[in-house]
Amino acid sequence: MNKLKSGDKAPDFALRDQNGNIMKLTDFRDKKKILLYFYPKALTAGCTVQARDVSAARESLADLGVEAIGISPDMPVDLKKFDNNLELNFPLLSDADHRVADAYGVWGEKSTYGKNLYGVIRSSFLIDENGQIIQAWYKVSPKDTVPKALQELK
């Protein structure tokens with residue numbers, strides 16, 4: 001698993017969102033910074049905390065020229081339920097084959113409730129308007145995603 005670091009080019013992606021639309025990283029090029037975060041599974045406890053925090057911070061992030069985007073291996077229909085249940089109102093992207101997670105170095109072996117398995121290692125990335133990684137946080141706590149990004153942007 002290759003980890004990205006500050007100054008690296010963010011891997012491009014084209015993924016379906018919760019509404020079935022294709023979203024690309026290049027859609028934001030020369031327009032906005034991105035807070036891109038990877039989470040293991042919609043509608044689980046930690047992912048719900050993280051998504052609510054990101055949703056609550058949307059206005060603060062927007063004031064700083066940042067768009068939030070979540071990525072998980074969930075199918076778009078499950079992402080739509082997650083969005084509707086929590087009224088998140090930001091893009092949630094489906095990476096069912098975990099190709100994008102692999103490219104960002106967030107797909108790997110992890111321990112969950114004493115079991116070793118492969119899956120998304122919760123991580124977040126701040127990406128500038130040119131597609132460069134400003135900062136990467138691997139194994140980030142659900143509650144730390146937004147504070148770490150805001151601190152980096154100040």
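Some observations on this one:
- Matching entry among G114, G108 (being surrounded by 13 or more Cβ atoms within 10 Å (Cβ to Cβ), at pLDDT below 95 and out of contact with any Asp or Glu (no Cβ under 8 Å at 6 or more places or on another chain)): G108
- Inclusion of A45 among residues that are surrounded by fewer than 17 Cβ atoms within 10 Å (Cβ to Cβ) and either among the hydrophobic types (A, V, I, L, M, F, W, C) or closer than 21 Å to Q135 by Cβ (or both) is warranted.
- As for the stretch 55-73, it holds at least one residue that is surrounded by 19 or more Cβ atoms within 10 Å (Cβ to Cβ), farther than 22 Å from A149 by Cα and at pLDDT 95 or above.
- Identity of the residue in the stretch 104-114, small (G, A, S) and assigned to a loop (DSSP other than H, G, I, E, B), that ends up nearest to F125 (Cα to Cα): G105
- V106 of a type in the set (V, I, T) and touching a residue at least 24 places away in the same chain (Cβ under 8 Å): yes
- Scope the stretch 1-42; condition surrounded by fewer than 15 Cβ atoms within 10 Å (Cβ to Cβ), hydrophobic (A, V, I, L, M, F, W, C) and within 12 Å of P91 (Cβ to Cβ); matching residues: I22
The values are calculated or read from the model by the stated rules, or taken from the named source; none is laboratory data. Everything numeric in this text was worked out from a predicted model, so none of it was measured. Glycine also receives a Cβ, built like all others from the backbone with ideal geometry; neighbour counts cover every protein chain displayed.
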